[in-house]
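The values are calculated or read from the model by the stated rules, or taken from the named source; none is laboratory data. These numbers come from a predicted model, not from an experiment. Backbone-built Cβ (ideal geometry, glycine too); neighbour counts: all protein chains shown.
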Amino acid sequence: MDEAIKNFNREIDAVSGAAFQSAKGGDENWNKILNSYGVAPLGDDIKTVLLNSEMKISRGAFPIELRKVYEKILIKHSSSGNPALEEAIRNFDIDAKIKSYYQKIKPFGGMNDIFKNASATITKYSQGMQKEKHSTMKCKNCGAPRLEEMQYDNCLFCGSILFEPA
Ligand SMILES: [Zn+2]
């Protein structure tokens, strides 16, 4: 295989592994990686919303942060002038990659975590969770409900575009 493609794949694998090895919702080492790519970590307010949403994770950085790193890597390698690498970048399915990453950090079964979380935070977040249940809009990529009380066009959890461009 082309050396440039090998390097590209190695970089993608390295950041995917680091995201997976991260503590649930990110940690110091993961933040260093985000920082090295010029990506700001999610704010604590958004992290709290995500940790209490129905998109449970058992470990690892949030998918949307990994997506932002992928995007930086794609940009970095996109002006290589190497046709094979450019094709690899064109064929890189970021939604599918992020979805498969999410499958790896999802809790098995998930129910224990839901109950654990619910009991700890039910008072503070019961209103928000109620709203989520009634949400009609779900992310096509990861299934996350769109929070009706917030305005945004990309999924908070995986970063996929929620609305088809007109
Ligand atoms: Zn999503």
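A quick yes/no check of all residues on (1) small (Gly, Ala, Ser); (2) touching a Phe, Trp or Tyr at 6+ places or on another chain (Cβ under 7 Å); (3) at pLDDT below 95; (4) closer than 20 Å to Gly26 by Cα:
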residue: Ser79; (1), (2), (3), (4): yes, no, yes, no
residue: Ile89; (1), (2), (3), (4): no, no, no, no
residue: Gln103; (1), (2), (3), (4): no, no, no, yes
residue: Glu149; (1), (2), (3), (4): no, no, yes, no
Just one of the numbered conditions (1) surrounded by 17 or more Cβ atoms within 10 Å (Cβ to Cβ); (2) modelled with pLDDT under 95; (3) more than 11 Å from the ligand (Cβ to nearest atom) is not true of Pro145; which one?
(3)
Hey, Phe157 among the hydrophobic types (A, V, I, L, M, F, W, C), at pLDDT below 95 and in a loop (DSSP other than H, G, I, E, B) or not:
no
Can you work out which of the residues in the stretch 50-77 that are part of a loop (DSSP other than H, G, I, E, B) and among the basic types (Lys, Arg) is nearest to the ligand (Cβ to nearest atom)?
Lys56
Could you tell me whether Gly81 is of a type outside the set (A, V, I, L, M, F, W, C), in a loop (DSSP other than H, G, I, E, B) and crowded, with 19+ Cβ neighbours inside 10 Å?
no
Selection over the stretch 10-49 where residues are buried (at least 17 other Cβ atoms within 10 Å of the Cβ), without any contact (Cβ under 8 Å) to a residue 60 or more places away in the chain and part of a helix (DSSP H, G or I) yields a count of 5
Within the stretch 105-121, does at least one residue satisfy the condition of being more than 12 Å from the ligand (Cβ to nearest atom), modelled with pLDDT of 95 or more and under 25 Å from Met1 (Cβ atoms)?
no
Selection from the stretch 78-97 of residues within 14 Å of the ligand (Cβ to nearest atom), of a type in the set (A, V, I, L, M) and in contact with a helix residue (DSSP H, G or I) (Cβ under 9 Å, 6 or more places away or on another chain) yields Ile94
